[in-house]
Amino acid sequence: MTDPVLSARTLTKSYGATRALAGVDVEVRRGESLAIMGASGSGKTTLLHVLAGIVSPDAGTVSFHPASGAPVDVTALGESARSGLRRERFGFVFQQGLLIPELTAIENVALSLMINGMKRPAAITHAAGWLQSLGLAGMEERRIGELSGGQAQRVAIARAQVTGAELIFADEPTGALDSYTSSEVMDALLWSTAGQGRTLVVVTHDPQVAARCSRTLSMRDGAIVSEVQA
C-alpha cells in the first residue's frame, strides 16, 4: 500500500439541519484513482470540496502530504493560503468544464500557468504540449464553443494538469457526456493522472466511471458505507 497524499479524520459538515458529512475518515493514496459514489445528497461532493480545501468542515482535519516537504494541515490554513494550495498543488475538472468561452483552448490552459507567474511564451509552449498529448493538436486556437463536449473536457483536463499538480479532483467530469465520449474522457483523465504517477479523486454517479478507478468509496447519509478495491 502506498503512502497517503491526503488524510482526513472525523470530518463533519452541516448545512442548516442537513448533515452532509457525519464523521468521515478517509485516506487518499499516492498514485491511485479513487472514485467517490453515492446518490444525490449522500455527501460525496461535500467530501470532495472539503478534501480540496474549497469548503471548511465544521470539525475534523485534512492533511496534505506533498511529494516533497512537510505535511500541510489544510483545515488550519486561512482562505488565502488554501487558495494558493488549490492554485499551485491541486487541479480541478468539473462537469461543465468552467472554461472561459472568450479564450482559445490554448489560452484557457496557459492561463493557469500565467496566474502562477510564468511568462506568456513559456506558458503557451507548455499548454501546447498538454493539448497535443491529449489529442487536441490543431485545435489550439479554437474557442470553447467551437469544440465538442469531449474536446472541451480534455481542455479542462489539460488546464488541471499543466501546473504540475500532484492531486486532481474531478466532480462528475463525464456527467454531461454520452457514453462513448465519457469513455474517451476517462481514458484521457486516467492516463494523465494515475497513469503518470499522479493522484485522481473523482466524484461520480456512474458505476462505469467508478469501475475504471483503482478504488471506490460509496457514501450514504454523509458517511462512507463501503469500499471496493479494483
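Would you point out which residue out of 116, 108 is crowded, with 20+ Cβ neighbours inside 10 Å and polar (S, T, N, Q)?
So the residue among 116, 108 that is crowded, with 20+ Cβ neighbours inside 10 Å and polar (S, T, N, Q) is 108.
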Restrict the check to the stretch 22-45 and report whether at least one residue is more than 18 Å from the chain's Cα centre (by Cα) and not small (Gly, Ala, Ser).
yes
Working carefully through the options 149, 129, 135, find the one that is surrounded by fewer than 19 Cβ atoms within 10 Å (Cβ to Cβ), within 28 Å of residue 47 (Cβ to Cβ) and over 13 Å from the mean Cα position of the chain (by Cα).
149
Check the stretch 67-76 and report whether any residue there is closer than 24 Å to residue 36 by Cα and either within 15 Å of the chain's Cα centre (by Cα) or among the small types (Gly, Ala, Ser) (or both).
yes
Within the stretch 166-175, residues small (Gly, Ala, Ser) and modelled with pLDDT under 90 come out as 175
Which of (1) touching a Lys or Arg at 6+ places or on another chain (Cβ under 9 Å); (2) hydrophobic (A, V, I, L, M, F, W, C); (3) buried (at least 19 other Cβ atoms within 10 Å of the Cβ) is the odd one out, the single condition residue 123 does not satisfy?
(1)
Given the conditions (1) within 21 Å of residue 216 (Cβ to Cβ); (2) surrounded by fewer than 21 Cβ atoms within 10 Å (Cβ to Cβ); (3) at pLDDT below 90, which single one is not true for residue 178?
(1)
Residue ID - modelled with the highest pLDDT, chosen from residues in the stretch 68-104 that are assigned to a loop (DSSP other than H, G, I, E, B), touching a Gly at 6+ places or on another chain (Cβ under 9 Å) and surrounded by 13 or more Cβ atoms within 10 Å (Cβ to Cβ)
77
Suppose we filter the stretch 35-67 for residues that are under 15 Å from residue 90 (Cα atoms), touching a strand residue (DSSP E or B) at 6+ places or on another chain (Cβ under 7 Å) and not in a loop (DSSP other than H, G, I, E, B); how many remain?
6
Of all the strands (runs of 3 or more DSSP E) wholly in the stretch 120-230, which have at least 1 residues that are in contact with a helix residue (DSSP H, G or I) (Cβ under 8 Å, 6 or more places away or on another chain), closer than 17 Å to residue 93 by Cα and touching a residue at least 12 places away in the same chain (Cβ under 8 Å)?
167-171, 199-204
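The values are calculated or read from the model by the stated rules, or taken from the named source; none is laboratory data. Remember, it's a predicted structure, so these values are computed and weren't measured experimentally. Glycine also receives a Cβ, built like all others from the backbone with ideal geometry; neighbour counts cover every protein chain displayed.
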